[in-house]
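Notes follow once the structure below has been shown.
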Amino acid sequence: MLLKNLIAFLILFSFLLSEFLFPVFAQENYDAKVEELLSKMTLDEKIGQLVQKIGVNQENEKLIRSGKVGSLLIGTPGPEVANRIQKIAVEETRLGIPLLFANDVIHGYHTIFPIPLAEASSWNPELVKRASEIAAFEAASEGTNWTFAPMVDIARDPRWGRIMEGFGEDPFLGSVMASARVKGFQGDDLRDKTKIAACSKHYVAYGGAEGGRDYNTVDISERTLREVYLQPFHAAVDNGVASIMSAFNDLNGIPASGNYFTLTEVLRNEWKWDGVVISDWNSIGELVKHRFAKNKEDAAFIGFTAGVDIDMAGDTIDGNIYSPHLKNLVEQGLISEDKINESVRRVLKMKYKLGLFEDPYVDIEFFKNNPGKIGGKSYKDSIALQLAKESIVLLKNENNLLPVKKNIKSIALIGPLANNSEDVLGMWSAAGKPDDVVTVLQGIKNLLGNNTEINYLKGCNINDNDSSDFNASIEIAKQFDLVILVVGEERKMSGEAASKTDLNIPGVQEELVKRIYETGVLTVVVLMNGRPLTINWISENIPAIVEAWFLGDQTGNAIAQVLFGDYNPSGKSPVTFPRSTGQIPIYYYQKSTGRPIIEEDKYTSKYLDSPNTPLYPFGYGLSYTTFNYNNIRMDKNSIDKNDFVTVSVDVVNTGKFEGEEVVQLYIQDEFASITRPVKELKGFQKINLKTGDTKIVSFKITSDMLSFLDKDMNPVVEPGKFNIMIGGNSVDLITTSFEVTE
Ligand code: BGC
């Protein structure tokens, strides 16, 4: 008995030691080490830590050797090269400070997962976290110790090509996904050699670019900034994100990379965050082009004093904007060396936290032996496949055309994305290779084997006017019971510098769909794209539509399993689908206005020439089964503002398939001193239900879920009525309410 107690005590003691005391010691240790190292550094060496160069080349190697570079955007040259470059920093510089190796590991490194917009459609943060763990493992195995991800920009304008890199239009969903990805990349301890530092970008409001034109001006209220665009960054900070990247855009008259308010007042003073801020690619140099800085030296002054620690890819001949200008600024007494020290401390601390001083090199043998579950190909593929399946959004399924029976005799598979292994990787695919991609054609073959005859034809290209294969496609289609058409965008049509004014399916693809539809053969359309497209005709006429985004390596297996019913789709769109570009921006989180839309009343806030609803709303996605929501109830009808309340609902699977459903909770503050959105997503749960089963789903509603910023930007919960809405998308909801009392 005594021995048992002693053992229990020892376990508890060691737990407390490791959980609470050890991190404190470790932290203090870093601080002391950082100070010791800092005291030995010359001003040039300090500034060197604040400079990031691009790529492996002789010029950069020379600069590294002379202590003028603290980090390198390394690309994917492999671990041997990374170690060789690291050796220069560690063995050939005066102080041997290791380099940070940065990279854009956006949705996988070797194993390519769905693009982030698709990942968000899964509403499965645990799975998204696992994908980021794998990406971190693979990137770390080749020398990357710092990823420029997650991109957490809220995007409400699908003309903006970078919508594909983020988690869509909603700050709550965006925050959940941002947290998951930071945890996946960084784990609990960055010294773990399979983990890498994360970087939330682009700080801030880059996604609010006017007209959806990349790099364009953003002019929004402080309220929108705080309640919408800052939210996912705050979530990343709460989850210990190591770094943040300052954006290209002008924000309310102050460029984001020279913005003291956002970079210092919010990040440092309000959020007490002590990670590293890096500029985006020459975004400090671009302060001159904004006509916000007189010259490059002025740009260095503005960027640095606003709060940017590291200058990425500045464009001067001798190093970057920070080098040589920071030195001149210190010598002129315009910037104090103490201020330089503050930034250098943060960079050195990040290197200590990553364990680079103890172990700067990639342990090639360790990674080669594939230790642990993450190393195994089958594990990686299984996560990539599961995430790809859960990212697919079923937009339409008239008369339950899908799933297609597996014993179908023959299928015509047509379209420029049906056997495409390159575009489906999506933009920012790091070291991903088309050879590793399972195309739709291959995926269907994998699933159906030789029992079904599959006739594949490209039909047309993605983006030209050549319709010479139309007749052949039509002839083929006529001979089959079912046509699966796979159409959409090239990957380079979304991502950076890929804004568009026309969101129709490019080229002659829609014409091809129409011509095949005219034959009368049953047709399924699978869409692949980095943004919601305007698909009115398809939506009206084609009985079954599958939105696949870009799904990465497991594209074909995932799509086949959905089409043929091995997986019952559960994805929900993280963005609103507009009917036309004229409706943009369109998002669920809108205000009531003084004249809420009444279709038959002209003088209400609406368009004359278009339905005013979206084509598909935020949070929308069908399943092969149906879910019924009923019996919504609160455990209390009124609470005081520090209390909490629980809402419950019964969700019943009323259809013929087992399936997953994303149960979404929206809240509306019925009346407030500041106009509030018609509804705000505040919670969700992804549940699995067998046919006929019922699950009671409950959400605890706490005061932070009811609060908003008052006119002085202070969080407040105002007494009054709150409407609580629950359902499977942002429109089809059942409602109850409760009161908050004084
Ligand atoms: C992009 C960033 C990216 C950086 C480095 C920039 O052009 O805006 O998102 O991390 O390049 O590749």
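Values of log10 I(q)/I(0) for the range 58-183 across q = 0.10, 0.14, 0.15, 0.18 Å⁻¹ run -0.39, -0.67, -0.73, -0.88, by the Debye formula with one identical scatterer at each alpha carbon and no solvent.
Can you give the accessible area per residue of the range 627-742, in Å², using a 1.4 Å probe? Please report the intermediate quantities before stating the final value.
Working: 5360 Å² over 116 residues.
Here the residues of the range 627-742 average 46 Å² of exposed surface.
Measuring with a 1.4 Å probe in the full set of protein chains, what accessible area per residue, in whole Å², belongs to the range 372-462? Before the final figure, lay out each step's value.
Values: 3800 Å² over 91 residues.
Normalised by residue count, the accessible surface of the range 372-462 is 42 Å².
Cross-link check: pairs Lys46/Lys380; Lys201/Lys591; Lys129/Lys368; Lys377/Lys695; Lys53/Lys686 evaluated at a Cα-Cα cut-off of 32 Å; pairs beyond the cut-off: Lys46/Lys380; Lys377/Lys695; Lys53/Lys686. Calculation over all alpha carbon pairs of the range 384-435 in 5 angstrom steps from 0 returns a P(r) of 4, 12, 14, 24, 23, 13, 6, 3, 0 percent. Using DSSP to define loop residues, name the chymotrypsin sites (Phe, Trp or Tyr not before Pro) in the range 568-605 whose beta-carbon has at most 14 other beta-carbon atoms within 10 Å. Passing both the DSSP loop test and the Cβ count: Tyr603. Between Asn451 and Leu334, the distance separating the two model label sites (each 7 Å from Cα on the Cα→Cβ line) works out to 7.5 nm.
Modelled label positions at Thr691 and Arg65, each set 7 Å beyond Cα in the direction of Cβ, lie 7.3 nm from each other. Checking every one of the trypsin sites (Lys or Arg not before Pro) in the range 619-692 against DSSP loop status and a limit of 13 other Cβ atoms within 10 Å picks out Lys636, Lys656, Lys690.
Legend: translational diffusion of the range 172-312 by Stokes-Einstein, Rh = Kirkwood radius over C-alpha pairs, 37 °C, 0.692 mPa s; D = 216 µm²/s.
Multiplying the sequence separation of Ser610 and Ile364 by 0.36 nm and subtracting their Cα-Cα distance, what value in nm do you get?
Working: separation 246, 0.36 × 246 = 88.56 nm, distance 5.91 nm.
Contour length minus the Cα-Cα distance gives 82.7 nm.
Annotation: extensible slack from Glu600 through Ser673 equals 23.3 nm (criterion: 0.36 nm per residue apart, minus Cα-Cα distance).
Which semi-axes, in whole Å and largest first, does the equivalent ellipsoid of the range 550-605 have when worked out from the alpha carbon gyration tensor as the square roots of 5 times its eigenvalues? The partial results should precede the final answer.
Values: eigenvalues 289, 31, 21 Å².
Equivalent ellipsoid semi-axes, largest first: 38, 13, 10 Å.
Report the paramagnetic label zone for Glu126: residues of the range 669-706 whose backbone N is under 19 Å from a point 7 Å from Cα along the Cα-to-Cβ axis. Of the residues in the range 669-706, 683-690, 695-700 have backbone N under 19 Å from the label point off Glu126.
Rounded to the nearest 500, the 222 nm mean residue ellipticity of the chain from helices alone is -8500 deg cm²/dmol, with -39,500 (n - 2.57) taken per DSSP H run of at least 4 residues.
Across the range 624-742, Cα-Cα pairs farther apart than 23 Å form 33% of the total. Give me log10 I(q)/I(0) at q = 0.18, 0.19, 0.25 Å⁻¹ for the range 426-509, Debye formula, one equal scatterer per alpha-carbon, no solvent. Summing over Cα pairs of the range 426-509 leads to -1.01, -1.07, -1.27.
Suppose we look only past 18 Å in the calculated P(r) of the range 503-613. What percent of the Cα-Cα pairs does that tail hold? If you can, show how the numbers build up before the last one.
Values: 3759 of 6105 pairs.
That fraction is 62 percent.
Computed with the Debye formula from one identical point scatterer per Cα of the range 159-250, without solvent, the log10 of I(q)/I(0) at q = 0.13, 0.17, 0.20, 0.25 Å⁻¹ comes to -0.44, -0.72, -0.94, -1.30.
In the frame of its principal axes, the range 644-698 has Cα extents of 47, 20, 15 Å, reported largest first. The range 212-284 and the range 673-731 have Cα centres lying 26 Å from one another. Express the carbon and sulfur contribution to the solvent-accessible surface of the chain as a percent, rounded to the nearest whole number, probe 1.4 angstrom. C and S fraction of accessible area: 50 percent. The modelled label-to-label distance for the pair Asp566/Thr42, using points 7 Å beyond Cα in the direction of Cβ, is 6.3 nm.
So what's the projected area for the chain, the Cα convex hull averaged over all directions, in nm²? Display every interim value, and only then the final one.
On the way: hull surface 147.9 nm².
Result: a mean projected hull area of 37.0 nm².
For the range 588-660, the list of GluC sites (Glu not before Pro) that fall in a loop by DSSP and count at most 13 other C-beta atoms within 10 angstrom reads Glu599, Glu600. Relative to the current alpha-carbon distance between Ser698 and Asp710, full extension at 0.36 nm per residue lengthens the span by 1.4 nm. Dividing the Cα radius of gyration of the range 70-132 by 2.2 N^0.38 Å, with N the residue count, gives 1.53.
Take every pair of alpha-carbon atoms less than 8 Å apart whose residues are at least six positions apart; their mean separation over the length of the range 431-495 yields a relative contact order of 24 percent. Solvent-accessible surface of the range 541-596, averaged per residue with a 1.4 angstrom probe and all protein chains in place: 25 square angstrom.
The values are calculated or read from the model by the stated rules, or taken from the named source; none is laboratory data. These figures come from a predicted structure and were not determined experimentally. As a convention, Cβ positions derive from the backbone with ideal geometry for all residues, glycine included, and neighbour counts pool all protein chains shown. These accessible areas exclude ligands, DNA and RNA; they are computed on the full protein's heavy atoms, side chains included. Shrake-Rupley method; radii C 1.70, N 1.55, O 1.52, S 1.80 Å.
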